[in-house]
Amino acid sequence: MSYSMPVRLLLGALLVCGLPLSSKAAEPTKLSKSWEQWRGPNRLNHSSDTGLLKDWNATPPKLVWTTTGLGKGYASVSIKDNRLFTTGNLPDGQAVIAINTDDGKILWKTNLVDLNPKHGYPGARCTPSIDGDRLYAVSSNGAISCLSVEDGEIIWTKNFEEEWDGKMMSKWGFSESPLVDGDLVICTPGGKKAMMVALDKTTGKEVWKTSVSDLGEKGKDGAGYSSIVISNAGGVKQYVQLTGRGLIGVRASDGKLLWNYNPVANGVANIPTPIVSGDYVFTSTGYGTGSALVKLSKEGDGIKAEEVYFLDPKTLQNHHGGLILYKDHIYCGHGHGKGFPICVELKTGKVIWGKKEDKIRGEGSGSAATTLADGHLIFRYESGDLALIEATTEGYKLKGSFKADQVLGKAWAHPVVCGGKLYLREQDVLMCYDLKE
């Protein structure tokens with residue numbers, strides 16, 4: 001193609017200035033302001049941030065600030081505007097802690113209980129759920145509290161054991177992050193007559209509770225270590241939860257138990273938050289259990305749950321690092337306490353990559369907590385190593401790794417990406433890294 005002299009001069013000027021000749025504009029950077037609950041918007045564990053670093057080998061994330069004083073705990077963080085919230089065991093009790101994300105300074109601390117609960121792996125587990133000017137948190141001894149976002153004042157509290165004969169399936173403390181939905185806050189005390197309860201989020205008054213009887217032989221009675229998600233499968237709004245006896249679905253309007261699925265339960269700890277996709281629910285547990293896809297369909301005034309497939313533990317089991325659904329594929333760390341990267345097709349259960357013969361072992365050791373941001377997976381291993389992996393079905397594509405600035409034990413808290421920053425809770429410490437490209 002030939003150009004006239006004026007056009008050639010203009011093109012030359014653009015090249016000298018370093019401006020692109022392509023008419024395609026660069027995609028704008030988008031940075032979110034909120035991550036208001038466990039696993040973020042809709043509990044999908046998808047950050048909406050774009051314009052993030054996509055090659056950690058070339059440019060590793062830089063540490064912006066570090067804050068101490070969070071106490072013992074494995075809780076992740078929730079964020080609204082420039083305020084971040086988490087929970088931890090302080091010397092004088094288990095507390096909710098508020099932090100300024102601009103500089104890492106602690107704004108307030110409020111005890112949920114004045115004595116730290118006694119259970120295995122001591123520490124707080126709950127990621128607070130933010131709703132307007134209030135937040136909700138569950139202490140590991142089993143009580144849900146409503147607090148003021150502004151100053152941490154406790155507005156109301158309900159104790160699971162006292163109110164609903166609540167119990168955990170095993171000895172490691174209540175770990176749920178409560179779900180706020182409309183006028184309700186929903187949680188899982190684990191009692192036979194109140195496996196799940198809905199409360200008026202303003203007053204804490206009970207709206208309904210879910211009675212359960214025989215949920216199957218596998219697992220144990222009581223609440224699991226998971227958190228509730230919303231499904232509209234079969235045209236019925238319902239709350240889906242992984243309990244001590246496996247998956248359950250509860251009608252949102254009145255708390256009636258609609259269905260349950262027992263085969264995925266184990267008797268030690270059922271942990272990963274279920275994945276909802278249309279009329280399907282994907283679930284996985286560790287301790288040598290496995291994974292399953294369940295299809296839900298309308299049946300009379302109820303819901304029928306049918307197993308589509310079950311994957312044995314050698315194929316896929318997720319311990320506690322969580323599952324991510326992205327473009328009809330499940331990404332997670334596979335293996336009990338292993339965190340081997342894997343990609344599985346949701347509808348078929350076919351392993352796309354990450355089979356044993358692929359010999360993918362990842363960059364760290366132990367279970368891997370995961371999140372998704374800008375088309376990439378962030379794996380945070382128990383060892384404190386972090387890896388950036390492209391979320392693609394074309395194979396395992398590692399885009400770099402680094403070790404967290406501080407590792408104080410088992411790095412189990414799930415990473416969060418919000419506002420172009422990566423937040424890593426590490427027991428008493430919170431680290432903030434810059435992820436912007």
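The values are calculated or read from the model by the stated rules, or taken from the named source; none is laboratory data. All of these numbers come straight from a predicted model, not from anything done at the bench. For neighbour counting, all protein chains shown are included, and Cβ atoms are generated from backbone atoms with ideal geometry for every residue, glycine included. To get the accessible areas, we keep the full protein, side chains included, count just its heavy atoms, and leave off ligands, DNA and RNA. Shrake-Rupley method; radii C 1.70, N 1.55, O 1.52, S 1.80 Å.
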Exercise. How about region 376-393: which of its residues are open to solvent by 10 Å² or more (accessible area, probe 1.4 Å) and of a type outside the set (G, A, S)?
Worked result: H376, E382, D385, E390, T392, T393
Seminar exercise, completed: If we keep only residues of region 74-86 that are of a type outside the set (A, V, I, L, M, F, W, C) and within 21 Å of G419 (Cβ to Cβ), then the residue nearest to the chain's Cα centre (by Cα) is S76
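Find the strands (runs of 3 or more DSSP E) located wholly in region 292-336 whose residues include 2 or more that are touching a Pro at 6+ places or on another chain (Cβ under 8 Å) and modelled with pLDDT of 95 or more, and list them. Before you say what the answer is, go through the steps one by one.
Working: elements: 302-311, 323-326, 329-334.
By residue number, 302-311, 329-334.
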Exercise. Between residues in region 374-396 that are more than 20 Å from E437 (Cα to Cα) and residues that are in a strand (DSSP E or B) and of a type in the set (K, R), which pairs lie under 9 Å by C-beta distance while being six or more apart or on different chains?
Worked result: S383/K403; G384/K403; D385/K403
Exercise. Of the residues in region 277-290, how many are open to solvent by less than 40 Å² (accessible area, probe 1.4 Å) and either farther than 22 Å from G234 by Cβ or hydrophobic (A, V, I, L, M, F, W, C) (or both)?
Worked result: 7
Exercise. Just for region 372-404: of the residues that are touching a Leu at 6+ places or on another chain (Cβ under 8 Å) and of a type in the set (F, W, Y), which one is farthest from W56 (Cα to Cα)?
Worked result: F379
For this session: For residues that are surrounded by 24 or more Cβ atoms within 10 Å (Cβ to Cβ) and not hydroxyl-bearing (S, T, Y), scanning just region 363-375, find the one that is farthest from E426 (Cα to Cα).
Result: A373
For this session: Name the single residue, out of those in region 326-343 being open to solvent by 30 Å² or more (accessible area, probe 1.4 Å) and not basic (K, R), that is farthest from L247 (Cα to Cα).
Result: F340
For this session: Return the pairs, sorted by first residue and then second, in which the second residue is among the hydroxyl-bearing types (S, T, Y) and not in a loop (DSSP other than H, G, I, E, B), the first residue lies in region 223-249 and is over 20 Å from E307 (Cβ atoms), the beta carbons are less than 8 Å apart, and the residues are 6+ apart or on different chains.
Result: A223/T243; I228/Y239; I230/Y239; K237/S231; Y239/S231
Seminar exercise, completed: Taking region 376-408 and the residues there that are of a type in the set (S, T, Y) and outside any strand (DSSP E or B), the one that is farthest from L70 (Cα to Cα) would be T393
Exercise. Failed condition for T315, given (1) within 18 Å of the chain's Cα centre (by Cα); (2) open to solvent by 20 Å² or more (accessible area, probe 1.4 Å); (3) of a type in the set (V, I, T), with all others met?
Worked result: (1)
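Taking the stated definitions as given, is K347 assigned to a strand (DSSP E or B), open to solvent by 40 Å² or more (accessible area, probe 1.4 Å) and basic (K, R)? Spell out the reasoning first.
Details: assigned to a strand (DSSP E or B): no; open to solvent by 40 Å² or more (accessible area, probe 1.4 Å): yes; basic (K, R): yes.
No.
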Problem set entry | Selection from region 198-248 of residues that are farther than 16 Å from V294 by Cα and among the basic types (K, R) | K201, K205, K209, K218, K220, K237
Problem set entry | Tally, over region 222-246, of residues that are under 21 Å from T127 (Cβ atoms) and surrounded by fewer than 18 Cβ atoms within 10 Å (Cβ to Cβ) | 1
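Quick one: which strands (runs of 3 or more DSSP E) sit completely within region 57-149 and have at least 1 residues that are over 17 Å from Q427 (Cα atoms) and in contact with a helix residue (DSSP H, G or I) (Cβ under 7 Å, 6 or more places away or on another chain)? Spell out how you get there, then give the answer.
Numbers: elements: 62-68, 78-80, 83-90, 93-100, 106-113, 129-131, 134-139, 143-148.
Strands (runs of 3 or more DSSP E) meeting the threshold: 143-148.
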Exercise. Listed residues G191, G219, G267; which is in a loop (DSSP other than H, G, I, E, B) and open to solvent by less than 10 Å² (accessible area, probe 1.4 Å)?
Worked result: G191
